[in-house]
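What follows is one structure encoded as structure tokens, with my remarks underneath.
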Amino acid sequence: MTTRIDTRFAELAKQGRSAFVTFLMAGDPDPATSLEIIKALPKSGADVIEIGMPFTDPMADGPSIQAAGLRALKAGMTLKKTLELVRGFRKDDNATPIVLMGYYNPIYIYGVDKFLVDAKNAGVDGLIIVDLPPEEDDELCLPAMKAGLNFIRLATPTTDDKRLPAVLANTSGFVYYVSITGITGAATADSSAVSEAVARIKRHTKLPVCVGFGIRTPETARDIASHANGAVVGTALVDALKNSLDAEGRATGKTVNAVAELTAALAQGVKGAQQAAE
């Protein structure tokens, strides 16, 4: 099984550069604007798109992403509509990998088997479910892999060499390394610590390693991308979106461009990592 994720990382490896991975919340600030924004991401330089599944009780999300989830839920976003969003994106783009990121509860309520069929049919390529540890692989990870979806696991600064093999056992697509301990948007990634961590993970796996949490600027993105196979940015993009909204939290004429312009600047940072390494 080769997914869009596998294909994209193979292409980037041939080009000798890292991936720029973007994260935005599905349905933020409303379903129609959210689709417009996500459609604009590949043109602005995103190589892989992570889409958050809004949930009322997130654990790893900082204030910005929590607020994005609440805006989306208030606008009527559901898991079914999140899959419709992916389907809408796929009408114009059949190449850019889409990863859904979130928590198990909405999927459990939707029904695992039905969700996997619907997600695959909509054009989803992978899942990041932050509250399902390897000990629960039977719940979703193994069925997802059987359905042809990558199951992407998080590794953190506290994931030691003893724990790492369990984390990596059924991981596919890429490994997501969380560069800081704590919630999203809380601190800036330390490039030397990231470099050591990525090297350690790579001793255990041949999968690409992407680094997220704590990347807000093109300079940090370039720095991280020079050590990893990909740099993931979420909070900075969500903040750009939020800052473009009107006083009632509704989209304005600036909203899509605000996210697209920051995406383009960050993408240049990631692409600059290759130049810096040459």
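In square nanometres and to one decimal, what's the mean projected area of the convex hull around the Cα atoms of the chain? Kindly include the intermediate steps, with their values, before the conclusion.
Numbers: hull surface 52.2 nm².
Approximately 13.0 nm², given one-decimal rounding.
When the Kirkwood radius is taken over all Cα pairs of region 31-110, what Stokes-Einstein diffusion coefficient follows at 4 °C and 1.567 mPa s, in µm²/s? In µm²/s, the coefficient rounds to 98. Here the accessible area of the chain is 51 percent carbon and sulfur, with a 1.4 angstrom probe and all protein chains present.
Per DSSP helix of 4 or more residues, -39500 (n - 2.57); summed, then divided by the residues of the chain. What does that give at 222 nm, rounded to the nearest 500?
Dividing the helical sum by the residues of the chain leaves -14000 deg cm²/dmol.
Long hydrophobic helices in the chain: none of the complete DSSP H runs spans 27 Å or more by Cα along its own axis with mean Kyte-Doolittle hydropathy of at least 0.5.
Measuring nothing but how far apart in sequence close Cα pairs (under 8 Å, 6+ apart) lie, relative to its length, the chain scores a relative contact order of 23 percent.
Run the numbers on region 1-127 and let me know its relative contact order in percent, using alpha-carbon pairs under 8 Å that are six or more apart.
Working: 177 pairs, mean separation 38.0, N = 127.
Once divided by the residue count of region 1-127, the mean separation gives 30 percent.
Per the Cα gyration tensor, region 127-278 maps to an equivalent ellipsoid with semi-axes of 29, 21, 14 Å, ordered largest to smallest. For region 1-75, the Kirkwood hydrodynamic radius comes to 13.7 Å, computed from all pairs of different C-alpha atoms. By the equivalent-ellipsoid construction on the alpha carbon gyration tensor, region 200-278 comes out with semi-axes of 30, 14, 8 Å, ordered largest to smallest.
For region 97-149, what does the alpha-carbon gyration tensor say about shape, rounded, prolate or oblate, given a ≥ b ≥ c as the root eigenvalues, a/c under 1.5 as rounded, and a/b over b/c as prolate? In terms of gyration-tensor shape, rounded. Given axes a ≥ b ≥ c from the Cα gyration tensor, I'd like to know whether region 120-170 is rounded (a/c under 1.5), prolate (a/b larger than b/c) or oblate. Note, shape of region 120-170 comes out prolate. If I take every Cα pair under 8 Å that is 6 or more residues apart in region 186-278, average their sequence separation and divide by the length, what percent do I get for the relative contact order? Once divided by the residue count of region 186-278, the mean separation gives 29 percent.
Taking the Cβ of Lys80 as the centre, find all other residues whose Cβ is under 14 Å away and add up their charges (Lys, Arg: +1; Asp, Glu: -1).
Values: positive: Lys81, Arg87, Lys114; negative: Glu84, Asp118.
After counting each charged neighbour, the total is +1.
Here is the tail figure for region 1-137: Cα pairs spaced more than 24 Å apart come to 28 percent of all pairs. Computed with a 1.4 Å probe over protein heavy atoms only, the accessible surface of region 44-95 comes to 43 Å² per residue.
The values are calculated or read from the model by the stated rules, or taken from the named source; none is laboratory data. Keep in mind it's a predicted model, so treat the numbers as computed, not measured. Cβ atoms come from the backbone with ideal geometry, glycine included; neighbour counts cover every protein chain shown. Note: areas computed on protein heavy atoms with side chains; ligands, DNA, RNA excluded. Shrake-Rupley method; radii C 1.70, N 1.55, O 1.52, S 1.80 Å.
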